[in-house]
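S.K.: Sharing a structure with you now.
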């Protein structure tokens, strides 16, 4: 008999959990839909916050102040204080286990300024920070012989007497449905910004599967209406151009060549300023030409490669055409200070969870920090709370889906992405939200007429994509209802019909299966 910890998701949060739970003596199993190295964590390019003050004087107090200001009164001050106080030790731990941070001339960890920060606080590894962290964590897990099962899709969480007992998992390789029992389950499946389809920087895997599964068994969700739009994605592909480009001194220009906003304001303000320019028929560009070829090649090599690959332009000589797109989801599974949900034995961490850190608008550089800080904490806590059980896996009957669909869900998926970008996007209002809700509810009513065209078992991507689509539809209704309920503008949630913050809404939007509570 031993404590078996099942972690679903293998990004920065999931792998940090795995290392922590393993060190605490548990038998750890990590399940991931794709492969760890393809996790969304690798898209966090700009840096991870820690108040070292290596470039300019900084303090934990300033980090806390910047985070709370960005959150617009929706963050828990104690949780923010815990995060910021843990930051320096967390980055030192990452440095110790092998993350190759860029260095100053005196060999200190290099830092840059990201939007909303009062000092250069983001510790970085060129513009590959998340990727370097992810690969290091993965290497560390492999060195500890932690079991990682790739190409497994979460179907549902299993409870007994309101206590989590495991999860049903679809083995994508074989088509078999597996029941994995566990002492505790930690959801680390990432966010839901891919609901915007091609209007998102996110991996196609960011479909909110873990959030949907938790919601179905009664877990509470909170602040689902708060979706951060990154100001600078490539215009034609929505590929992310890191905030590090603006942190390094890049300018935002309109078609007339004029700067129209302070580039280092919080992301919600910069995104709205760009959106306003675009709606006024202006093209918007990021200009880093003045930084010089040597600096760009040393500090922003990925941004140059992406611009050349996806836009066929070289930012050393050319302006980079950009637009804001959905990037990060502040809402998710509601958790307490120990990352525990309201379901006994079920935990959540990372972007899929609401740790009450980001509030209405995430501060740049805090996402990677959140993953590692709370990932390490929840790993230890889950082991402490878990019961000892025998580990086992059962093979169950295959799931039944409609194999003669009358409606092509791929077309609805594309419609949903466009609908969200136009009606539940950077700006919203009651009419556009109600229109979106009506359409989403109509899509849901027609789900029985949708299904799959491929009935094979092995590597059936058609089946996976349909299951992902059903998850995004479930969350779409929750998001829109939450946005309708919040009759104010706060951070990333901007209502043109209610443009001021209202004290009555200085609280989380909490959602259960019965509705908003």
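The values are calculated or read from the model by the stated rules, or taken from the named source; none is laboratory data. Small disclaimer: the values here were computed from a predicted structure and weren't measured. Backbone-built Cβ (ideal geometry, glycine too); neighbour counts: all protein chains shown.
S.K.: Collect the residues in the range 277-325 that are outside any loop (DSSP other than H, G, I, E, B) and more than 20 Å from residue 247 (Cα to Cα), keeping them in residue-number order.
M.R.: Of everything in the range 277-325, those that are outside any loop (DSSP other than H, G, I, E, B) and more than 20 Å from residue 247 (Cα to Cα) turn out to be 277, 278, 279, 308, 309, 310, 311.
S.K.: Is it the case that residue 441 is surrounded by fewer than 19 Cβ atoms within 10 Å (Cβ to Cβ), more than 29 Å from residue 170 (Cα to Cα) and either in contact (Cβ under 8 Å) with a residue 60 or more places away in the chain or in the same structural domain as residue 509 (by TED's automatic domain parsing) (or both)?
M.R.: So residue 441 fails the test.
S.K.: Something else about it: Are any residues in the range 340-354 over 15 Å from residue 5 (Cα atoms) and under 13 Å from the mean Cα position of the chain (by Cα), and if so, which ones?
M.R.: Answer for the range 340-354, where residues must be over 15 Å from residue 5 (Cα atoms) and under 13 Å from the mean Cα position of the chain (by Cα): 350, 351, 352, 353, 354.
S.K.: Could you check how many residues of the range 45-71 are closer than 21 Å to residue 191 by Cα and touching a strand residue (DSSP E or B) at 6+ places or on another chain (Cβ under 9 Å)?
M.R.: The qualifying residues number 6.
S.K.: Moving on. Among the residues of the range 499-517, write down those that are more than 29 Å from residue 446 (Cβ to Cβ) and assigned to a loop (DSSP other than H, G, I, E, B).
M.R.: Selection gives 499, 500, 501, 502, 506, 507, 508.
S.K.: Okay, moving on. Return the only residue of 467, 447 being surrounded by 15 or more Cβ atoms within 10 Å (Cβ to Cβ), within 22 Å of residue 168 (Cβ to Cβ) and touching a strand residue (DSSP E or B) at 6+ places or on another chain (Cβ under 8 Å).
M.R.: Just a single option satisfies the conditions, and that option is 467.
S.K.: Mind counting the residues in the range 114-145 that are touching a strand residue (DSSP E or B) at 6+ places or on another chain (Cβ under 6 Å) and surrounded by fewer than 24 Cβ atoms within 10 Å (Cβ to Cβ)?
M.R.: Here the count works out to 1.
Residue-by-condition table, conditions (1) outside any loop (DSSP other than H, G, I, E, B); (2) more than 25 Å from the chain's Cα centre (by Cα):
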residue: 403; (1), (2): no, yes
residue: 410; (1), (2): yes, no
residue: 416; (1), (2): yes, no
residue: 426; (1), (2): no, no
residue: 433; (1), (2): yes, no
residue: 436; (1), (2): yes, no
residue: 439; (1), (2): yes, yes
residue: 453; (1), (2): no, yes
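S.K.: Follow-up question, since we're still on this one. Looking at 319, 363, 346, which is the one that is outside the structural domain of residue 501 (by TED's automatic domain parsing) and either modelled with pLDDT under 95 or closer than 25 Å to residue 118 by Cβ (or both)?
M.R.: So the residue among 319, 363, 346 that is outside the structural domain of residue 501 (by TED's automatic domain parsing) and either modelled with pLDDT under 95 or closer than 25 Å to residue 118 by Cβ (or both) is 363.
S.K.: Looking at 33, 29, which is the one that is in contact with a strand residue (DSSP E or B) (Cβ under 9 Å, 6 or more places away or on another chain), surrounded by 24 or more Cβ atoms within 10 Å (Cβ to Cβ) and closer than 18 Å to residue 169 by Cβ?
M.R.: Selected residue: 33, the only one of 33, 29 that is in contact with a strand residue (DSSP E or B) (Cβ under 9 Å, 6 or more places away or on another chain), surrounded by 24 or more Cβ atoms within 10 Å (Cβ to Cβ) and closer than 18 Å to residue 169 by Cβ.
S.K.: When you check residue 328 against the structure, is it touching a helix residue (DSSP H, G or I) at 6+ places or on another chain (Cβ under 7 Å) and in contact (Cβ under 8 Å) with a residue 60 or more places away in the chain, yes or no?
M.R.: Yes; evaluated as a whole, the condition is true for this residue.
S.K.: Please verify whether residue 190 is at pLDDT 95 or above, surrounded by fewer than 24 Cβ atoms within 10 Å (Cβ to Cβ), on the phi > 0 side of the Ramachandran plot and outside any helix (DSSP H, G or I), treating the condition exactly as stated.
M.R.: The answer is no for residue 190.
S.K.: Right, here's the next one. State which residue is surrounded by the most Cβ atoms within 10 Å (Cβ to Cβ) when the search covers only the range 482-498 and only residues that are outside any loop (DSSP other than H, G, I, E, B) and out of contact with any strand residue (DSSP E or B) (no Cβ under 7 Å at 6 or more places or on another chain).
M.R.: Per the stated criteria, the residue is 493.
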